[in-house]
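Coordinate-derived values only; no laboratory data. No experiment lies behind these values; they were computed from the predicted model shown. When we count neighbours, we look across all protein chains shown, and the Cβ atoms used for this are built from the backbone with ideal geometry, even at glycine.
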Amino acid sequence: MTLDAQGTDATNRAGLNGQTPRCNHIDQLPQVRYGPPECKECLALGQTWTRLLACLTCGWVACSDDSQGGHAKAHYQETDHPVAAALGPRSTWRWCYVHRRTV
C-alpha cells in the first residue's frame, strides 16, 4: 500500500506509470447549452477578454483567467461548478478548477 502525505491509501488514485489520476468531475457533467459568446461581466465593466470559457455544468460563458476580469474562475468560486471548456470551434481544451489542471 502506498500512502500519501495525509496517510491515506494513494494506490487506488494513482494512474499508470505515475500519471495523474483521472478527473471524475468530467463523468458527472450534464449536457448543457452554452450562453452567448460574450462575458457579461466584462461588457458591464467596459472590459475586453482574451478568450472565453463555458461552464460545463450550467453553460455560463465568462472570460478566462488570463483576461483582465477572470470571471470564469469567479463563477467556479461562487458555484463550485468544477469544469470549464474553451469556447471556440473544434476546441477540446477543458480545465478542472478543483484539480487545477486540464482534463
*Order by neighbour count: K40, K73, fewest other Cβ atoms within 10 Å first, most last.*
K40, K73
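If you stretched the chain out fully between E38 and W93, how much longer would it get, using 0.36 nm times the residue separation minus the C-alpha to C-alpha distance? Mind dumping the intermediate values first?
Details: separation 55, 0.36 × 55 = 19.80 nm, distance 1.80 nm.
Net length gain for the segment: 18.0 nm.
By count of other Cβ within 10 Å, fewest leading, how are C58, C39 ordered? Working shown, then result.
Numbers: C58 14, C39 28.
So the residues, fewest neighbours to most, are C58, C39.
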*Show the residues, 5+ positions off or on another chain, whose built amide H is closer than 5 Å to the amide H of V103.*
R94, W95, C96
*How would you rank T57, T102, going from fewest to most other Cβ atoms within 10 Å of each one's own Cβ?*
T102, T57
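Average the reciprocal distances over every distinct pair of alpha-carbons in segment 23-102, invert the result, and give the Kirkwood radius in Å. Can you show the working numbers first?
Values: mean 1/r = 0.0802 Å⁻¹.
One over the average 1/r among Cα pairs gives 12.5 Å for segment 23-102.
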